[in-house]
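Worksheet: the structure to be examined is printed underneath.
We did not get these values from a lab; they are worked out from the coordinates using the rules stated. Keep in mind it's a predicted model, so treat the numbers as computed, not measured. Every residue, glycine among them, receives a Cβ derived from its backbone with ideal geometry; neighbour counts consider all protein chains shown.
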Amino acid sequence: MKLQTFTVTSVAAALLLLGENGCSMVGSTSSHLGVGNLRIGRRMPSNSSVAGIAHRGRELCTHWTEVTEVTYNFDVLCGSGKVVYIQVSDPQFRTPGGLGIGEPLNAALREKGTWKRIEGSCGVSLPSGWIARAEAGAPRYSEGCGVQDDVSIAYFEMR
């Protein structure tokens, strides 16, 4: 596995850049969903990016890693290194059911997915544990998620 280097050029770059133990919050989760050695509830892989971005009140630190030539970003509880969130928007990524970036959300429903509302927006929760999500600018709905089934998948996440 090779580690890819990134240049941060977004608003997030204004946040404090930190190393693996640059934050102070500690916590845990019991799930072990993930890919390769990147797993929810376990320590972050040793081949992860050296620098991370602290956010959510310095509670979470974001890092990057590559698994079988697919790039993932993930959040850890700062200070503990325990993975609590994984996201992938790499076009090479495929779910175990074969879904990829750019396909319609309704394709995820055909893969036995179910609508799930998270933090005010909708996604499709798949049996593999991945959640297919629309692009960040997609409309947010206060009731019902089915109206988004014609929107494309922009990324997948695990929590």
Revision key, fill the gap. Counting sequence-distant residues (5 or more places) and residues on other chains, those with an amide H built under 5 Å from that of residue 118 are 123
Point to revise | Packing rank of 105-117, 73-85, where each peptide gets the mean count of other beta carbons within 10 Å, highest leading | key: 73-85, 105-117
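What FRET efficiency do you get for residue 89 and residue 47 if R0 is 25 Å and r is their Cβ-Cβ distance, rounded to the nearest 0.05? Each step should come with its number before you reach the end.
Values: r = 20 Å, r/R0 = 0.78.
Here the calculated transfer efficiency is 0.80.
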Point to revise | Summed side-chain charge close to residue 73 - residues other than residue 73 whose Cβ falls under 11 Å, Lys, Arg +1, Asp, Glu -1 | key: -4
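Compute, for the stretch 44-132, the length of the dipole vector about the Cα centre, with Cβ point charges of +1 (Lys, Arg) and -1 (Asp, Glu) only. Units Debye, rounded to 20. The partial results should precede the final answer.
Numbers: 8 positive and 8 negative charges, 65 e Å.
So the dipole magnitude of the stretch 44-132 works out to roughly 320 debye.
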